[in-house]
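Novice: After the structure tokens below, expect a handful of questions from me.
The values are calculated or read from the model by the stated rules, or taken from the named source; none is laboratory data. Just so it is clear, the structure is predicted and the values come from calculations on it, not from any experiment. Positions of Cβ are backbone-derived with ideal geometry, glycine not excepted, and every protein chain shown enters the neighbour counts. Keep in mind that these areas ignore ligands, DNA and RNA; they rest on the heavy atoms of the full protein, side chains included. Shrake-Rupley method; radii C 1.70, N 1.55, O 1.52, S 1.80 Å.
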Amino acid sequence: MSGKTPQAIRIPATRDDRAMRTMLLCVAAVLFIALIAPLYALLSRSTRDSDGVFIGLTNFQRFLGDSTLALAAWNSFFIAFLSTAITILLALGFAYGLTRSRMPGRPLFRSFAMIPLLAPSLLPAIALVFLLGEKGLARGILMGNSVYGPIGIVIGEVIFSFPQAVLILSTSLAMADQRLYDAALTLRAGPFKTFTTVTLPGIRYGLISTALAIFVKVFTDFGVPAVIGGSYPVLATEIYKQVVAQFDFGMGAVVGIFLLIPAVLAFALQRFLQRFEVATVTAQSVPLDIRPQKTRDLACLAFCLLIAACLLVIIGFAVFGSLVTYWPYNLGLTLKNYRFGEASTAGWSLYVNSLTLAFLTATFGTALTFIGAWLIERTRGWDGAKALLQLMATLPVAVPGLVLGLSYIFFFNSPANPLHFAYGTMAILVLSSIIHFYTVPHIIATAALKQLDRDLDVVATSLKVPFYVMLRRVTLPFCMPAIIDIWGYLFVNTMTTVSAVIFLYSANTLLASIAIVQWNDSGRMTEAAAMSVSIFATSALVMGAKTLLMRRYFSRSQAWRRR
């Protein structure tokens, strides 16, 4: 034997390989231009004065020396911590009822829990004004305290964050090993002891993920504090004041960075903790058997009924407020609040702009995120480039919408940027919305693609079937449920978003969600409620259509298999 180390056999790149690698570079270039470059522009702007002269950390010193901004930072942490704790407690009880009880109506309760996802974060805040405001119909509940401030913000944020917490915790609670509960029963452990020693340890990573996700969501939210925050300052509203009211872009960039830091740290911590996550369900596990238990089931039913009733009351008061003739002096019902032309010269075109933005974002965003995930999963070689693209695809989840929008001002509004022409157009709103919501569709697409056997690609290559034929005839039909999910997710989130577009709209691209903020500021609460309800109804219709489409797809798929 020669003693030489055998070299790895290099397979020459085919025409398909070169085409897919070129597409991979194109997707990476889009993410670099739409995400990395704007964030760099934000960081650069934080070290410059109003004339663009480099001043180092002076703006950061101003931030730390400004008592209002320092108070806003403390308030943001306090609100986020308190809202996260309350949300987790409520969502854990609700998710437990959905997954660990035999209470009746579980699918219906699951639907009720998702209601806030269909509305902008402004809607629960507006509903709280009608319910608990100074002229609210149930203001006595607060015993003389004002809803404008931390009380209202926390209630609004809990409602806004509740669906996401229920989704994560339900997934964690649904996976368990029956043998652990049988062992606890054999050892005569009571329900509380079993819950603390078996259930909670089994879902600890779900709890941590929920806490991090909700904390960041509340910390960076703009909608709820903008409507019901009153004079209580938080960073999300302060960044808006710095840019829009005071035109202090340097300080706005600094506040944006302080909003970005907790999100990035939470993202990094979650990725770090995933390394230590151990599977609680293995091949030898026994599926969890939930048996009827009258006391537990009745307790879960009562708790879930209470939560569902609260959510329905919030939506009900928003609808009621949208129909009031003149709040709070004339509570007669009317449809005049839906004549948006009386509140703005743009009228219903605001709603049409939002529909257009949502449709374009959902269509182009679905194509970009799915193709990006497919290229990462199916491109041969180029492991370094694929790892970099994967990182860029998961980074947007750590970037708050306000920060992304502000970074787009600094990057796309620069006259030296060849893409300057896009600023102020619908295109910039579509691009920012796609990037803002990029990560979740990417994860959905990746999960679907991983279920597709890679041997199919090997067979296609051996038969010299072009990659685009394989994509069109096999991959896309197989992943169609995921594609429908992605489209619906992007449409609804874009329709309801405020933070990602609050800095980027123009007179011709004013959106319904932005108009709600403006009408609230000018005292047009009933018109703001009417527009919020319109957005909610549209989102509900789209999600209903998506559900019907998915059922039709599965029924046709099953019929085809029976043949």
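Novice: Could you work out how much longer the chain between Leu452 and His420 gets when fully extended? Use 0.36 nm per residue separation minus the Cα distance between them, nm to one decimal.
Specialist: Details: separation 32, 0.36 × 32 = 11.52 nm, distance 4.12 nm.
Length gained between Leu452 and His420: 7.4 nm.
Novice: Right, next: What percentages, rounded to whole numbers, describe P(r) for the chain computed over all alpha carbon pairs with 20 Å bin width beginning at zero?
Specialist: P(r) over the chain, rounded to whole percents: 18, 51, 27, 3, 0.
Novice: Can you compute the modelled spin-label distance between Ile33 and Ser146, with each label point 7 Å from Cα toward Cβ, in nm?
Specialist: 4.8 nm
Novice: How big, on average over all directions, is the shadow cast by the Cα convex hull of segment 335-481, in nm²?
Specialist: Values: hull surface 51.1 nm².
Approximately 12.8 nm², given one-decimal rounding.
Novice: Mean Kyte-Doolittle of at least 0.0 plus a Cα span of 27 Å or more along the axis: flag which DSSP H helices in the chain meet both, please.
Specialist: Details: long enough: 67-99 (47 Å, 1.58); 150-174 (34 Å, 1.66); 249-273 (36 Å, 2.00); 294-323 (42 Å, 1.97); 349-378 (42 Å, 1.07); 525-562 (55 Å, 0.21).
Membrane-span-like by this rule: 67-99, 150-174, 249-273, 294-323, 349-378, 525-562.
Novice: Evaluate Rg over Rh across segment 153-286, taking Cα atoms for both radii and Kirkwood's formula for Rh.
Specialist: Rg/Rh for segment 153-286 comes to 1.15.
Novice: May I ask you to compute the full-extension gain from Tyr40 to Thr295, defined as 0.36 nm times their residue separation minus their alpha-carbon distance, rounded to one decimal in nm? Don't skip to the end; give the middle numbers.
Specialist: On the way: separation 255, 0.36 × 255 = 91.80 nm, distance 5.68 nm.
Taking 0.36 nm per residue and subtracting the Cα distance, the gain is 86.1 nm.
Novice: With the dipole of the chain worked out from charges on the C-beta (+1 for Lys and Arg, -1 for Asp and Glu) around the Cα centre, which of Leu89, Cys26, Ala447 lies farthest toward the positive end?
Specialist: Ala447
Novice: Using the 2.2 N^0.38 Å rule of thumb for compact globular proteins, work out how segment 491-545 stacks up: its C-alpha Rg over that value, please. All intermediate terms of the calculation are to be shown ahead of the outcome.
Specialist: Values: Rg = 11.7 Å, N = 55, 2.2 N^0.38 = 10.1 Å.
Rounded to two decimals, the normalised Rg is 1.16.
Novice: At 1.4 Å probe size, with the rest of the protein present, what percent of the exposed accessible area of the chain is carbon and sulfur atoms?
Specialist: Details: 18210 of 27630 Å².
Summing carbon and sulfur atoms, their accessible area is 66 percent of the total for the chain.
Novice: In the chain, which longest range has no GluC sites (Glu not before Pro) that are both DSSP loop (not H, G, I, E or B) and surrounded by at most 16 other Cβ atoms within 10 Å? Display every interim value, and only then the final one.
Specialist: Numbers: sites that count: Glu134, Glu277.
In short, 278-563.
Novice: Under 28 Å between alpha carbons, and skipping anything fewer than 8 positions from Lys386 in its own chain: which lysines qualify?
Specialist: Lys450, Lys464
Novice: Just how large is the dipole of the chain about the Cα centre, in debye to the nearest 20, putting +1 at every Lys and Arg Cβ and -1 at every Asp and Glu Cβ? Please list the in-between numbers first.
Specialist: On the way: 43 positive and 24 negative charges, 434 e Å.
Here the chain has a charge dipole of around 2080 debye.
Novice: Per residue and in Å³, how big is the convex hull formed by the alpha-carbon atoms of segment 27-151?
Specialist: 226 Å³
Novice: So, one more: What full-extension length gain, to one decimal in nm, is calculated for Leu57 and Leu312 as 0.36 nm per residue of separation minus the Cα-Cα distance? Let's see the in-between values first.
Specialist: Details: separation 255, 0.36 × 255 = 91.80 nm, distance 4.86 nm.
86.9 nm is the gain from fully extending Leu57 to Leu312.
Novice: Right, something else. Segment 168-245: which trypsin sites (Lys or Arg not before Pro) are DSSP loop and have at most 11 other beta-carbon atoms within 10 angstrom? Don't skip to the end; give the middle numbers.
Specialist: Details: sites: Arg179, Arg188, Lys193, Arg204, Lys217, Lys241; in loops: Arg188.
Passing both the DSSP loop test and the Cβ count: Arg188.
Novice: Just grab the label-to-label distance for Leu391 and Met175, each label 7 Å out from Cα along the Cβ direction, in nm (one decimal).
Specialist: Distance between the two pseudo-spin positions: 2.6 nm.
Novice: Moving to a separate point now. Using alpha carbon centroids, what distance separates segment 148-193 and segment 466-507, in Å?
Specialist: First find each Cα centre; the distance between them is then 30 Å.
Novice: I want to check the label-to-label distance for Val244 and Thr325. Put each point 7 Å from Cα in the C-beta direction and report it in nm to one decimal.
Specialist: 3.2 nm
Novice: Would you list which lysines come within 28 Å of Lys336, measuring only between C-alpha atoms, while excluding same-chain residues fewer than 8 positions from it?
Specialist: Excluding near neighbours in sequence, the set is Lys135.
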